[in-house]
Structures are given as C-alpha cells and as structure tokens.
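In what follows, a structure is listed as structure tokens, so that the remarks can point back to it.
The values are calculated or read from the model by the stated rules, or taken from the named source; none is laboratory data. Values in this document were obtained by computation on a predicted structure and should not be read as measured data. Cβ placement follows ideal geometry from the backbone for every residue including glycine, while neighbour counts extend to all protein chains displayed. Ligands, DNA and RNA are excluded from the accessible area calculation, which covers all protein heavy atoms including side chains. Shrake-Rupley method; radii C 1.70, N 1.55, O 1.52, S 1.80 Å.
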Amino acid sequence: RMPAFLGEVDVLKSLQTLPGVANVGEGSSGFNVRGGRVDQNLVLMDEGQIFNSSHALGLLSNFNPDVVEDFTLYKGNMPAQYGGRSSSVLTVRTRSGDMSKEKVKGGIGLMSSRLAIEGPLIKDKLSYLVGTRFSYSDWLLKTVANTDIRNSRASFYDVNLNVEYRPNTTHTLTGTFYNGYDRFRYSKDFGYRYSTMMGTLKWKVILGEQWSASTSLVVGDYASTLYDLDPSNARALNNGIQYHQFKQNFLFAKGEQHAVNLGGEAVLYRGKPETSRPYGDNSTTVPVTVQKDKGREFAIYANE
C-alpha cells in the first residue's frame, strides 16, 4: 500500500518508516538504525548473507517484491540464532511457488521491469517459482542536461529461483538460488560492477506436536570491481568474498506465546585476492595482487 518509487515497491524503503530507522541519503536504499552504520546491519535472504543489498546506485534494493514472502527487522533485542550485529538484523524470506496452479505476475516501471512465474511440477508435492528483474535506466540518464551524466551508463538484473518439495506432511525440502548483477560507469571518470550469487538448501521436519527442526546449507559468492578510467593510470581493482555456511536449528513451541530456538552454526569465509591491473592499452598501472585471509565462525545458541 506504500507509494511506489519509480514504479517499484521496495522492502528497504518501507523500513525507513519505522522509528529509529533512517535512510543513508536521499534516493538510497541503504539504512541506518539508531546511529549505526550500513555495514553494522546483518542482511539475510533465505538465511544467506547479502553483503550489498542495493541496485542502481542505491535507488532500489536487491529484493524483488514479487517473490518476497515476508521480512522482519530486529533493531532492539536480536535473536541469538541470527548471530547478531551491533546495529540490526534484517531477515527476508522468499515465497514458494503455488502447488496447485500456474500463475504469472509482473510489472513495468520507469527504470526496470519484473516478471514472476510459478506453479506445480508435481501437484501438491513439488512446486517452482522463478522471478527476475532487469533495468533499462540508461534512457533516464540521457534526459539529463549535464554532459557527464548523459554519457554515463547504469544497469542491473537479478534472478530468484525457488523449488520446494513436500513428500509428506512432516517433511519439506526447499532449494533457493539468487543471482544479482550491477554495472555503472560515470562518464569517462570511473565505474564499478558487482555481483552476488547465492544458493540455499533447507530441510524442515516436524518431530512432534511441539518440536520441529531445520537443517540448512548456504553457499555464497560476492565479487566487486572498481574502475579508474584516468587514461594514464587506468586500472581495475577486484575483490570479493566467498562463504560456506551450515546451520542446524531446533524449535520448541508451546502455544502461541512460548518458543525456544536452539542449535549451532558454522561459517567458513574465504576472501578473494585483491588485484589491481591495467585497464586499457595506455595505462601505466603496475599489476599488484594481495592475498586475503580465511575466516571461521562457530557458534551454539539458545534463545527464548
């Protein structure tokens, strides 16, 4: 029901209407919570970490509104099962496809369009959902009087895939995939591109009237390239990070007012080598490579 910005409703912009949440800048999807910085927010989509949650210079978020089931922002008491950050935790859950019939949904905006297709592969047992967005925002830049902006380029796309299998009433196996890509160039001065690729496999099982369990595996890859287009010193600076995550959670629920989460999590991080290389035939940049460290996180938790 919120007003659409450039034809798009947006998860992160809706959060900025909450107390204690402020936007990073006008027209940006980044958010600060009670004085914290953007990098102090943990952003999760289907339990996978999103390191850069915006498209198109921050005008839109990475979350396609046609595939989002629900989202929750924790900005006070952050549950232990999410590991936490010093500022906030945002969890976004994408929805599963319809188990009974085919559906198509889409929209056309001033700078991007979107399409979502869903339906059953095996009725009442196996479903799929495919959602995508792609931009054509260059035409907006060409309408600006400033020559530098008119000679700039910007585009993005993202793809969501969700496959859910329910063999019986107690077991659910869900696989999700996300790929997002952004590209921007400001005249002949600088440019950047970054991409996120993430896959999640989650198995949920009902163990009894009050107990349930979920096991999830997540693999993520984030890559970024910054271009300095100065002719004599043109270079491309590359970096990124990969991670593998395993999480086991048990939920004890007694009534609607009492629930306990307990379990454990392990995350392995690998920083990609940071490289600086010449960009163009006339560049005098000397190639440099800096190796990055690996990181490990292990945790057990209990939260009521």
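Computed over the chain, relative contact order equals 11 percent, with contacts defined as Cα pairs under 8 Å that lie 6+ residues apart. The alpha carbon centroids of the range 205-255 and the range 275-302 are separated by 18 Å.
Leaving out ligands, DNA and RNA, and with a 1.4 Å probe, what % of the accessible surface on the chain is carbon or sulfur?
Ligands and nucleic acids excluded, carbon and sulfur reach 56 percent.
If you run the Gaussian network model on the chain, springs between alpha carbon atoms under 10 Å, then out of T275, T91, T284 the most flexible one is T284. Cross-link partners of K294 among lysines, defined as those whose alpha carbon lies under 24 angstrom from its own and excluding same-chain residues fewer than eight positions apart: K247, K272. Hey, with R₀ at 25 Å, roughly what FRET efficiency would D39 and F246 work out to, going by the Cβ-Cβ distance, to 0.05? Once the sixth-power term is evaluated, E becomes 0.55. Excluding ligands, DNA and RNA, the accessible surface per residue across the chain is 54 Å² with a 1.4 Å probe. Computed about its Cα centre, the charge dipole of the range 168-254 is approximately 160 debye, with only Lys, Arg, Asp and Glu carrying charge at their Cβ.
Packing-wise, with mean Cβ within 10 Å as the measure, how do 171-178, 100-107 rank, highest first?
171-178, 100-107
Given the C-alpha centroids of the range 100-134 and the range 181-198, what is the distance between them in whole angstrom? Value for the Cα centre distance between the two parts: 27 Å. For the range 96-241, relative contact order (Cα pairs under 8 Å, six or more residues apart, normalised by length) works out to 15 percent. What are the aspartates and glutamates whose alpha-carbon lies under 12 Å from the alpha-carbon of K202, with same-chain residues fewer than 8 places away excluded? The qualifying aspartates and glutamates are D46, E47, E164.
Spin-label model, S187/A223: points 7 Å from Cα along the beta carbon direction are separated by 3.0 nm.
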